Amino acid sequence: MPVSPSDEELIPAIKDLRGANPTLGITKFQALLLETHKEWTVSEKRIRKILQQLGLGPQNGSDAASSKSKSNGKQYPSSKLNEALDVKQWTSKVEVKHFGKLKGKGLVASEDIAEDETIWKEDPFIIAPEWYACLRPLADHGLTTDLREIWDAQRASVACMHCTTPIPPSATLQISCPHTPCPAKFCSRLCLSRSAAVHPLLCPAQNPASLPLLRWAREVEWMAVHAWAHTTAKILLANEKGADELAAVRSIVDSLATFSLSDRARDIGVEPDHDAWKKAHSFHVAAFHEPSTAAEKKKLSKLIRKPLPADLAQQLFDYDAYLEGLSRMSLNLEAHGGLYALHSHLNHSCQPNASIRHLQQRTTLARITVLARRPIKKGEELTISYVNPAMSLKDRRRELREWNFGDCMCPRCLEEEAAGETGEGVADSDARPEVDVSDLERELRQGLGLR
Ligand SMILES: [Zn+2]
Ligand SMILES: [Zn+2]
Ligand SMILES: [Zn+2]
């Protein structure tokens with residue numbers, strides 16, 4: 001029977017295999033790994049996470065939300081409170097609470113909440129769609145392009161460049177980016193106008209210097225690089241608008257949990273991959289700060305007219321700060337690739353009382369709905385699961401450790417630990433998996449009107 005290898009077994013195997021196959025796609029890489037280790041079972045997701053942490057390509061940030069736990073004296077993600085965050089714009093049912101230095105911030109119910117009640121809906125701060133969110137149905141739909149990803153669908157003008165909602169070829173409303181050449185299409189006038197906060201700096205017509213960065217991020221499937229590019233564009237364009245806009249955007253970014261990529265590499269016993277990190281950094285600087293050609297410089301200077309405050313330039317373009325930005329993205333992206341100001345406050349539990357759904361697939365795919373999975377009492381903390389709660393205690397803890405979260409000490413884990421469960425084969429009747437890849441595929445199919 002196949003066994004799930006430990007990190008100590010898996011990481012060296014992945015390192016070896018990656019060294020010999022640096023550009024292999026994730027599916028083929030997984031097949032190769034399992035061929036070399038026939039006794040193992042290892043999910044694609046786990047391989048992706050390890051590769052990301054090693055800085056070795058195919059990357060993602062799925063199911064990592066923010067957390068601030070700290071235990072066992074080790075370094076865990078840290079975050080700070082955003083005093084300026086106006087929670088009431090989303091809901092009156094929750095409030096932000098600071099639990100103290102070790103646990104950090106979280107959300108608690110400010111009133112009793114019923115089972116299945118919608119707690120809030122939220123549009124993303126930025127969205128850098130997941131590479132492998134499958135869009136094969138588009139090909140079935142008579143489009144000849146090899147569209148497998150939302151990213152590709154956006155570039156092929158069949159998904160909204162702002163909110164990622166699929167735009168079927170039959171849609172009556174087709175709004176294009178007014179600048180050419182740019183493939184961007186928008187699903188509504190609202191999305192077109194909102195896209196002004198990010199798109200100009202990522203538009204191939206308005207800022208061609210961004211193309212190499214975006215192409216490379218796509219090629220190596222490094223989601224955090226893509227997300228940090230969106231966030232950087234949003235910060236830079238807010239600076240153009242004024243001090244208040246800049247402060248509002250920065251307060252959201254600065255409150256996101258972060259960890260050190262170098263510490264993380266050291267924790268799992270590998271050398272930090274500075275080559276990959278430096279490459280990402282130099283593409284980033286060329287895209288938004290120092291383009292390599294005079295023509296690109298000229299175009300960028302039309303979008304960025306104001307000087308940057310020194311501390312902002314440091315945060316966006318300094319190498320160490322760049323890595324911190326990547327870790328913020330990795331930790332806080334929702335499964336679909338969006339970064340959400342309030343959602344990023346939710347802490348983890350293996351017995352979560354809330355769940356995230358993309359309920360408006362046909363209209364606003366990127367909007368999340370936070371639902372109560374069971375009645376929640378006033379004062380109770382709201383939690384979601386960062387990992388699939390159907391997994392065993394051992395596997396849940398392992399996945400969480402991969403994200404630097406330490407051993408989960410939620411009531412369910414403590415109970416299972418006390419009962420001496422190794423966790424193998426534990427069935428939890430309450431375990432409903434969160435949005436995962438197959439859920440996303442189903443949602444996207446629904447979004448396209450396909451079954
Ligand atoms: Zn849209
Ligand atoms: Zn454009
Ligand atoms: Zn737990």
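None of the figures in this text is laboratory data; all of them are computed from the coordinates on show. For clarity, every value in this text was computed on a predicted model and none was experimentally measured. Reconstructed Cβ throughout: ideal geometry from the backbone, glycine too, with neighbour counts over all protein chains shown.
Once label points are set 7 Å from the Cα along Cα→Cβ at both Asp112 and Asn21, what is their separation, rounded to one decimal in nm?
5.6
Between the DSSP loop rule and a limit of at most 15 other Cβ atoms within 10 Å, which trypsin sites (Lys or Arg not before Pro) in the stretch 1-42 are left?
Answer in residue order: Lys38.
Once both labels are modelled 7 Å past Cα along the beta-carbon direction, what's the Thr293-Thr172 spacing in nm?
Output for this residue pair reads 4.2 nm.
I need Cys410, Cys350 ordered by Cβ neighbour count within 10 Å, fewest first.
The order, fewest Cβ neighbours first, is Cys410, Cys350.
Give me the orientation-averaged projected area of the Cα convex hull of the stretch 7-54, in nm², one decimal.
Computing the convex hull of the Cα atoms and averaging its projections yields 3.0 nm².
Which far-off residues, 5 or more places away or on another chain, put their amide H under 5 Å from the one on Gly338, with H placed in the peptide plane?
The answer is Ala128.
Mind sorting Arg46, Arg374 by how few other Cβ atoms lie within 10 Å of their own Cβ, fewest first?
Going from least to most buried by this count: Arg374, Arg46.
By how many nm would the segment from Asp263 to Glu219 grow when fully extended, if each residue of separation counts as 0.36 nm and the alpha-carbon distance is taken off?
13.2 nm
Which value in nm describes the separation of the simple spin-label points at Glu8 and Glu83, placed 7 Å from the Cα toward the beta carbon?
Once both label points are built, they end up 4.7 nm from each other.
Count neighbours as other Cβ atoms within 10 Å of each site's Cβ, and list the trypsin sites (Lys or Arg not before Pro) in the stretch 269-347 that are DSSP loop with at most 10 such neighbours.
Loop-located and lightly packed - Arg305.
For a quick check: sort Ser385, Ser43 by the number of other beta carbons within 10 angstrom, fewest at the front.
Ascending number of Cβ neighbours within 10 Å: Ser43, Ser385.
Can you list the residues of the stretch 349-386 with backbone N under 19 Å from a point 7 Å past the Cα of Ala419, pointing along Cα to Cβ?
Hits in the stretch 349-386 for Ala419 at 19 Å: 349-353.
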